[in-house]
1. Skipping prolines and chain starts, which residues have an amide H placed within reach, meaning under 5 Å, of the one on Lys141, given they are 5 or more residues away or on another chain?
2. Excluding same-chain residues fewer than 8 positions from Lys135, which aspartates and glutamates have a Cα within less than 20 Å of its Cα?
3. With a ≥ b ≥ c the root eigenvalues of the C-alpha gyration tensor of region 64-144, is it rounded (a/c under 1.5), prolate (a/b larger than b/c) or oblate?
4. Tell me, what HN-Hα J-couplings in whole Hz come from the Karplus equation 6.51 cos²θ - 1.76 cosθ + 1.60 at θ = phi - 60° for each residue of region 86-92, using x for Gly and Pro?
5. Please arrange Ile69, Ile41, Ile171 by how many other C-beta atoms lie within 10 Å of their C-beta, fewest to most.
6. Where does the charge balance sit around Ala80 when Lys and Arg score +1, Asp and Glu -1, over other residues with C-beta under 14 Å from its C-beta?
7. What fraction, in whole percent, of alpha-carbon pairs in region 36-193 exceed 26 Å separation?
8. Along region 98-104, what does the Karplus equation 6.51 cos²θ - 1.76 cosθ + 1.60 (θ = phi - 60°) give for ³J(HN,Hα), rounded to whole Hz, x for Gly and Pro?
Amino acid sequence: MRKKILALAMTLAISSVIFIACSDSTASENKRIAMTNEEKIQRGAYLVNSIGCDDCHSPKKVTAAGFEIIPELRLSGYHAPATAIKPTMEAVNQGWLLFGSDLTTAVGPWGQSFAANLTSDGTGIGNWKEEQFIKALREGKYKGLDNTRPLLPPMPWFVYKNLTDDDLKSIFAFLKSTKPVKNVVPAPKPFNKLK
């Protein structure tokens, strides 16, 4: 009987130690130190540079070495060309997706979409609240507002929705720190208006 009581006491003691150790590690994970705004901006810059925001949202020129971002237009979205180029709808009807020459516009079965201005200008996200930005990337809502159209392809919001709140807040802080570029991006065109 004594051996059973001793074994039970040892089991309870070991279980208590394991429980406390797990609780302490969880508690320490939850007690993260809040980032300063400068740290958010730095983290946001890292994320924007690594997850491909420039691929679609920054106008580019084509050089012998490939695409080169136009620095003064970085993250300002689609800029209307001097002469509008009409996409070849035959290719889209055959299942192809088309991109404009600087990758800031795309055509597919949804119609034609244009990359948004992400700079801190009022024509970009300059007037947005952090909550709008998070809603846009978590729920795929245009301008992060309820009762608006969905974000259109090729915007991969369904991938970015998996970023942490801290990551999304950091990206927003970085974008709000960018040089404002005035650029009103046109509304998307439905497929039936492209023919």
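A short reminder: the numbers here are calculations on the coordinates, not readings from a lab. Because the structure is predicted, anything quoted here is derived from the model rather than measured. Here the Cβ is made from the backbone with ideal geometry for all residues, glycine too, and neighbour counts use every protein chain on show.
1. Ala136, Leu151
2. Partners found: Asp121, Asp146, Asp165, Asp166, Asp167.
3. Note, shape of region 64-144 comes out oblate.
4. 8, x, 7, 6, 4, 5, 5
5. Ile69, Ile41, Ile171
6. +2
7. 26 percent
8. 10, 10, x, 4, 10, 6, 9
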